[in-house]
Structure formats: C-alpha cells, structure tokens
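Note sheet for the following structure.
Every number in this text was worked out from the coordinates using simple rules, so none of it is lab data. Owing to the predicted nature of the structure, the values given are computational and were not obtained by experimental measurement. Note: ideal-geometry Cβ built from the backbone for every residue, glycine included; neighbour counts use all protein chains shown.
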Amino acid sequence: QKSNLALRVAVKGGGCSGFTYQLALDDEPAKQYDTVMETDGIKMLIDAKSLLYLDGTTIDYKNSMMGGGFEFQNPAAKKSCGCGHSFSA
C-alpha cells in the first residue's frame, strides 16, 4: 500500500460534448508539467493543459438512488452532456 498517492485530475478530448474528465491515482508528478495542490487533505496532480479547462472547477462525490459518482461543477463549461462526464468549452 502506497501512502504517497495523489489524485490525478485531467481533461481529455472525447465524449459526446468534446472533452471528458478523467480521474486516476498517481504516485508522482511529472515535474515540468504538473501543478500539485492539496484540498481537504487530498493531494491532486493536474497537468498544464488540463489546468486551463479546470480553473475554478469543484469536484464532489454524490450518492443518489440512480447511482453515485463524482460530480464536476466547471464554470468554463459552455454545455455538458446528460451524463455529466463530458463538456464543451
């Protein structure tokens, strides 16, 4: 078990609206390209390109009757798809 894991948050091309959010666990930042930040005790790694699309975004985990998951509130998103996993900027 690794104790130095961080949450990698990224935006990639694809999805029904143009961009998709991706979450993964990573154990070390890419030194030149990643911004490292910590919020509520969670260390996050965000690459420079994704940071442009994620500025001001909040991520929350929601439980619901229809299934839970991570919810992104992104002020840069001009529209998003019905599933909430892709957006256009």
So I have (i) 35, 31, 20; (ii) 55, 40, 20; (iii) 35, 26, 22, and one of them is Cα extents along the principal axes in Å calculated from this model. Which one is it?
(i)
Answer with one residue from 88, 69, 45: the one whose Cα lies farthest towards the positive end of the charge dipole of the chain, charges on Cβ with Lys, Arg +1 and Asp, Glu -1.
88
Here the gain from full extension of residue 48 to residue 61, 0.36 nm per residue of separation minus their alpha-carbon distance, amounts to 2.3 nm
Highest mean first, how do 49-55, 31-37 rank when packing is the count of other Cβ atoms within 10 Å averaged over residues?
49-55, 31-37
Between residue 78 and residue 12, what is the spin-label point distance in nm, taking each point 7 Å from the Cα along the Cα→C-beta axis?
2.4 nm
